[in-house]
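Data block below; observations after.
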Amino acid sequence: MAGSQTHGFDMVIEVSTATINNLVSGIFDNEGFLGSLFPDSYILERFDLETNFNRPPDVPASAENPVELIASLEFGEENTGLLRIVAGMVVDRSDEDKDLVQIDFKDHLFVCELSIDGTSIGLVNTFVANRLKEHSIPLIPIPVDRSSSDTLDITRADLKIIDDSTDEDGDALGVMLTFGGGTAGNLGAFNSAFAREGAGAAVAINFDWLCRNIGPRIEESIGLSEGAFSNCRFRGNHTIKDGVKLTELDIAPGDDNIQVSGKVKKSGTCYEASGEIGARIFVSIQAGELRVRFETDDPDIDVDIPWYCYLAGGILGALGGILIGVISSIVGAILIPLILWIAQSVIESTVSNIAGQVTDAIGGAGVTVPLVGVDNVLDRAFIDDLTITYDLFPEEYAEVKSEGNLTLRNGYFLDLDNGIVKSSNFSGAEFQLEGIHMGRKLKTLCGTSLGIGRMPDFPKARRFHLYRLTYGEVNEVPFDQVAVYVDFPLPWIEDKYVCSRRVFGAKTSDGCLSLFQVYHVDDSHYYIRYRTYQMESSTVRIVGAFRCRPAWVNFEVAEINYTPAVELNSHFREMVQLEFDEKSLDLIDEVEAVRSDCVDEKTSLQVALKNAIPVVDSNFEPVYGETLTLDKQIFDYHKAVGDWKERRLPVRKSKTGRFRASVDGDAVVSSVNWSVDGYGLKPETEGEVRVQGEIFEYKTFGNYLILSSNSGKEMEVPLKVIVVTEKGSVFTEIRCVPFENDCGYTVRRIPLFMEYIEKFSSEFGIVKAPSKKPELIIAR
Amino acid sequence: MKKQETKTAKSVVNRTKASKESKNPAIPELKARKITPKRPDLIDTAEFERFSPGFQEQLNELMEHEKIITARLRNPKDKELFVHDPGAFLKKYKIKVSPFLERKMKEFRLQEMLPVEDFMMPNGQRLVPKIRINIK
């Protein structure tokens with residue numbers, strides 16, 4: 001039922017506790033934020049954070065949306081500590097263009113308890129609480145246009161900590177969005193999270209809102225009168241082509257799909273025919289793209305024929321092939337393209353654009369506080385209200401000293417600080433690859449500590465993850481943690497070695513934190529990717545850029561492009577194949593039982609795989625389902641017609657850049673002075689400054705500089721910042737920031753139905769196959 | 001019923017006559033004769049005119065039995081019989097037709113009239129149209 005998950009809101013974003021924990025960990029680690037909360041005598045070396053959305057008993061009853069953060073701390077000189085914070089999560093509406101979801105320490109700090117070595121020290125506790133109250137942690141900035149009536153403009157964001165009372169205990173942060181023309185739903189009804197199936201974040205779209213968006217576009221594209229398809233329902237008589245009239249069209253939410261049905265009729269000499277077809281549309285993420293697949297019901301055709309015509313047509317051949325012609329023109333030429341158009345052009349384009357809009361909103365908007373950016377990847381989509389899940393993780397925020405891919409030959413030495421490989425030991429080397437074949441091991445060398453503990457996938461691993469590892473207890477990585485040797489030919493993998501792709505952490509001989517992964521192995525080499533972080537030191541960077549504000553409503557279409565189906569299908573095949581291989585590798589890594597069994601036959605292998613994993617992540621199901629389903633997976637999303645895309649240029653008045661002097665390390669800033677194109681700006685002021693003759697408005701506060709201009713000129717804006725620390729150190733940074741005016745973006749375009757039919761005819765056409773079971777019913 | 005039988009008999013006579021006439025194309029008065037379809041609303045005149053006059057006449061004669069045919073078609077079993085084997089239907093109700101029509105009806109195969117083709121979707125799904133024919 002539409003709206004059952006969104007409780008009347010147009011769209012709801014849910015973010016899991018684990019994801020929030022990762023984001024806050026990144027923010028705590030960024031620029032030494034957590035360490036800066038403590039007095040100078042406490043040097044924080046590492047921490048591990050736990051975030052809890054269960055309502056703590058020691059917060060006032062009036063406290064709304066409390067979130068509990070518990071940080072395990074390790075200071076220098078072997079002191080340990082525990083910091084427990086309970087603060088309220090709020091929506092900051094102070095910016096007229098943005099609703100900012102944040103953890104508010106300034107006005108909603110309910111609990112701040114610090115114990116060091118098991119003892120609470122009142123003065124230190126107060127110090128930390130006071131420092132904490134100077135900050136808030138911004139999590140999700142939502143661009144809003146509060147007065148808009150357009151259904152694509154967000155007018156308001158609300159939030160609720162969802163303390164999930166179901167067995168799933170899927171606690172989450174819920175951000176509820178209302179769009180133009182809509183009204184806020186029932187915030188109190190969110191007592192359980194919606195099914196995210198383990199994803200870090202999910203977006204549920206109210207079907208009614210989707211309908212409000214696609215309705216007018218369908219009317220325009222088919223040529224229906226305005227309002228004729230309101231509530232996704234049409235009844236009437238609208239000629240499409242060749243005398244075929246659309247009489248009914250419905251789009252409605254199903255249990256886990258969107259249901260579409262259409263009915264057309266056609267009449268002529270000797271017949272009156274009507275055709276009806278229904279389909280269920282499923283939305284999913286395939287190889288990183290939002291795609292729909294569909295199951296279509298067999299079409300029902302009713303043909304009224306006068307007896308005389310039946311004899312004339314059927315027996316005498318006087319009218320020859322009435323039925324064949326009529327059915328082909330109804331089913332093949334109209335109903336099938338109608339279903340495909342609604343599924344692959346209307347639904348897929350609209351939902352894909354919405355997914356992109358949400359991605360931009362939660363990952364792209366600039367904020368004026370030390371936010372660790374968010375990377376998000378479309379993960380899954382399912383329908384019950386339409387739900388798209390995201391894998392959400394912090395952007396890389398720490399300075400990287402060295403990173404890349406290396407090939408390490410058996411017996412060779414590796415330096416992770418500089419990415420150097422040599423055949424003999426050398427100063428600074430961290431590891432040697434000893435042994436051969438399955439007897440190989442990566443052995444740590446003098447000054448290097450290997451970390452033990454769980455790390456996320458390599459692309460999502462961040463510096464704070466390395467804090468959680470235990471270092472120095474082991475001094476080698478044995479082969480069986482890196483890969484397995486598979487002594488039977490897998491049907492889809494040629495490699496004899498299958499890598500675990502486990503991510504390892506290490507402290508290098510230079511004292512830096514590093515992570516690495518062996519992603520490929522052959523008889524003679526390990527292929528390694530690695531990333532080593534810079535040691536903390538006090539440096540200053542200018543962070544920020546001129547950004548284009550998302551403009552989903554006020555824009556001009558600059559260009560329309562069409563990509564033929566054959567190109568899309570070919571690209572999709574390549575992408576799915578890559579993903580399939582990746583999943584196969586992951587899968588094999590999980591299947592311990594198979595490793596020891598010698599399985600020759602493909603079918604036996606599949607049985608073995610199935611038996612080996614009693615509970616299968618549904619992600620893997622396509623990998624080894626009832627049949628090896630790669631081809632089916634590709635075929636399911638095969639397109640008959642290509643995609644239209646349009647490039648939009650937003651209509652905007654000005655462009656704003658938010659810049660911050662980012663001070664790494666434990667330096668306490670005393671003063672910050674900005675200058676723009678050589679013109680010094682006083683701290684805590686606002687005014688105008690000219691850059692290459694163009695007027696820029698500026699505002700300085702704290703570490704920040706905001707610059708905006710409505711200039712149409714493309715240029716680079718020279719910025720300079722001078723930071724003085726309490727200890728009298730002076731840091732200077734100069735950066736030229738591009739001020740470009742191309743704020744265009746590309747989205748999927750819904751073609752006119754007749755445009756679609758034209759491409760359908762030329763690229764796919766009416767494809768028929770001899771029928772083994774034609775079904776004929778004589779009407780009684 | 002009697003009236004119907006008389007009409008049928010007359011039809012046979014006429015058909016025989018027409019058949020003879022068609023074998024003698026040189027007879028001047030027949031050359032000029034033009035037969036128009038009795039149900040131009042149902043059959044395209046141009047299509048109708050493609051047939052020989054005798055054939056056109058036979059079609060028109062069948063129209064003379066419309067009342068009895070449509071009455072019988074109200075019976076579902078008779079309708080089914082009509083669709084699958086129109087020759088047997090006509091025979092059952094003693095509607096006589098020329099040997100030519102009789103032969104054509106014997107040759108009738110419903111499958112030849114049916115669109116025995118499925119439609120293929122781009123995802124490989126085969127759509128089998130369910131066709132519901134309503135003979136009026």
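General observations
- Taking only the Cα atoms of segment B:75-136, the radius of gyration and Dmax are 15.9, 52 Å.
- Kirkwood hydrodynamic radius of segment A:220-349, Cα pairs, Å: 16.0
- Cα gyration tensor shape of segment A:117-216, rounded if a/c is under 1.5, else prolate or oblate by comparing a/b with b/c: oblate
- Of A:266/B:77; A:422/A:507; A:245/B:77, those spanning more than 22 Å from alpha-carbon to alpha-carbon: A:266/B:77; A:245/B:77
- Per-residue packing, averaged as other Cβ atoms within 10 Å, sorts the ranges A:428-438, B:99-109 into the order A:428-438, B:99-109, beginning with the highest.
- Shown here is the pair-distance distribution of segment A:99-166: with all Cα-Cα distances grouped in 10 Å bins from zero up to the longest one, the shares run 17, 29, 27, 18, 7, 2 percent.
- Residues A:164, A:255, arranged from fewest to most other Cβ atoms within 10 angstrom of their Cβ, appear as A:255, A:164.
- For peptide A:296-302, the mean count of partner chain Cβ atoms within 10 Å of a residue's Cβ comes to 5.
- Partner shielding of A:391-402 amounts to 0, given as the average count of beta-carbon atoms from other chains within 10 Å of each residue beta-carbon.
- Lys pairs, segment A:648-739 - Cα-Cα below 24 angstrom, 8 or more residues apart or on other chains: 11
- Cβ-Cβ FRET estimate between residue A:547 and residue A:726, R0 fixed at 35 Å, reported to 0.05: 0.60
- Relative contact order (percent, whole number), segment A:400-533, Cα cutoff 8 Å, 6+ residue spacing: 29
- Cα centre as origin, Lys/Arg/Asp/Glu Cβ charges: segment A:400-533 dipole, Debye: 500
- For residue B:96 and residue B:34, the FRET efficiency from 1/(1 + (r/R0)^6), where r spans their Cβ atoms and R0 equals 25 Å, is about 0.45.
- With 0.36 nm allotted per residue and the present C-alpha distance subtracted, the residue A:18-residue A:474 stretch has 161.3 nm of extension available.
- Annotation: amide H of residue A:110 within the under-5 Å range of A:86, A:87, A:88, sequence separation 5 or more or interchain, hydrogens built in the peptide plane.
- Taking label points 7 Å from Cα along the Cα-to-Cβ direction, residue A:183 and residue A:272 give a separation of 4.5 nm.
- Across segment B:125-130, coupling constants 3J(HN,Hα) worked out from phi with the 6.51/-1.76/1.60 Karplus curve, θ = phi - 60°, read 5, 9, 9, 9, x, 8 Hz, and Gly and Pro carry x.
- A Förster radius of 41 Å combined with the Cβ-Cβ distance from residue A:409 to residue A:734 puts the calculated FRET efficiency at roughly 0.45.
- Counting Cβ atoms of other protein chains within 10 Å of each Cβ in A:150-162 and taking the mean gives 0.
- Pairs beyond 30 Å (Cα-Cα), from B:34/B:136; A:263/B:92; B:79/B:104: A:263/B:92
- Peptides A:273-279, B:58-64, ordered by how many other C-beta atoms sit within 10 Å of their residues on average, highest first, read A:273-279, B:58-64.
- Placed amide H near residue A:153: partners under 5 Å, 5+ positions off or other chain: A:180
- Protection-proxy order for peptides A:498-505, B:69-76, each taking the mean of Cβ atoms within 10 Å per residue, highest first: A:498-505, B:69-76
Values in this text are rule-based calculations from the coordinates and carry no lab data. Just so you know, these numbers come straight off a predicted model, no measurement behind them. A quick note on method: Cβ atoms are made from the backbone with ideal geometry, for glycine too, and the neighbour counts reach across all protein chains shown.
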